[in-house]
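Below is one structure, written out as structure tokens; the observations come after it.
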Amino acid sequence: MFDYKFDWAIVTSGQYFEWLVSGVKVTLELSAVSIALSFVIGLLIAVMRMSNMKPILWFSHAYLEFFRNTPLLVQIFFWYFGSYKILPQGINDWLNARDFEFAAAVIALTIYTSAFIAEDIRSGVRSIPKEQMEAARSSGFSYLRLYHSASGNPDYDSTPDQSVSQPDEKFLPGHDHRCGRTHLSGPPGGKLHV
């Protein structure tokens, strides 16, 4: 009943193999571009979410609620099939002259993932104890240095990093799963702790 022998030579040679290699290449390119853009947009939305200006706060909240609560497949379908209705004709012509499928996938994945990253960043910043923030500010730390030292860098303190959630751990290369720390910047000497 189960004595069928698969002929893997069909898949590992010829046109099928070329398709597989091409698919892996496109997947890696799509992932790299989407992750990079997601971090940038996610950081921007997180900063907007922590703003005291009501219109900016409302926009960021609406962005997060809409894109976090819409399934990714729906967003991919929208950007692939329906984006020509909301994008200006010039942008549609430019995208169609190039690789529209790749661009639609990047847009959908970036917007969807950036909403989750924004909330991860915001919750990580909000999890820093008020006393630790006040102590760092009174010691003369700049805001960038404050967030760097409070984010779990082993050179400065011993609190675990609160800003890395489970989905983000899949593509953060410096995350040490054994102790819940992220060492992306490393110590002043430049050597990474993993």
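Quick one: divide the alpha-carbon radius of gyration of the range 18-134 by 2.2 N^0.38 Å and tell me what you get.
Numbers: Rg = 17.0 Å, N = 117, 2.2 N^0.38 = 13.4 Å.
Compared with the compact-globule rule of thumb, the range 18-134 sits at 1.26.
Rounded if a/c is under 1.5, else prolate if a/b is larger than b/c, else oblate: which is the range 1-47, with a ≥ b ≥ c the root eigenvalues of its Cα gyration tensor?
oblate
Select from the range 77-129 those trypsin sites (Lys or Arg not before Pro) which occupy a DSSP coil region and have at most 11 other Cβ atoms within 10 Å, ordered by residue number.
Values: sites: LYS85, ARG98, ARG122, ARG126; in loops: ARG98.
Of the trypsin sites (Lys or Arg not before Pro), the ones in loops of the range 77-129 whose Cβ has at most 11 other Cβ atoms within 10 Å are ARG98.
Can you sort ILE107, ILE35, ILE10 from fewest to most other Cβ atoms within 10 Å of each residue's own Cβ? Could the numbers behind the result be given before it?
Numbers: ILE107 20, ILE35 17, ILE10 11.
Ranking ILE107, ILE35, ILE10 by Cβ neighbours within 10 Å, fewest first, gives ILE10, ILE35, ILE107.
List the trypsin sites (Lys or Arg not before Pro) in the range 1-71 that DSSP assigns to loop (not H, G, I, E or B) and whose Cβ has at most 10 other Cβ atoms within 10 Å. Which are they? Intermediate values should be presented prior to the final figure.
Details: sites: LYS5, LYS25, ARG49, ARG68; in loops: LYS5.
Within the range 1-71, the qualifying trypsin sites (Lys or Arg not before Pro) (loop, at most 10 other Cβ atoms within 10 Å) are LYS5.
We did not get these values from a lab; they are worked out from the coordinates using the rules stated. Source: prediction; values computed, not measured. In this analysis, Cβ positions are derived from the backbone assuming ideal geometry, glycine residues included, and neighbour counts consider all displayed protein chains.
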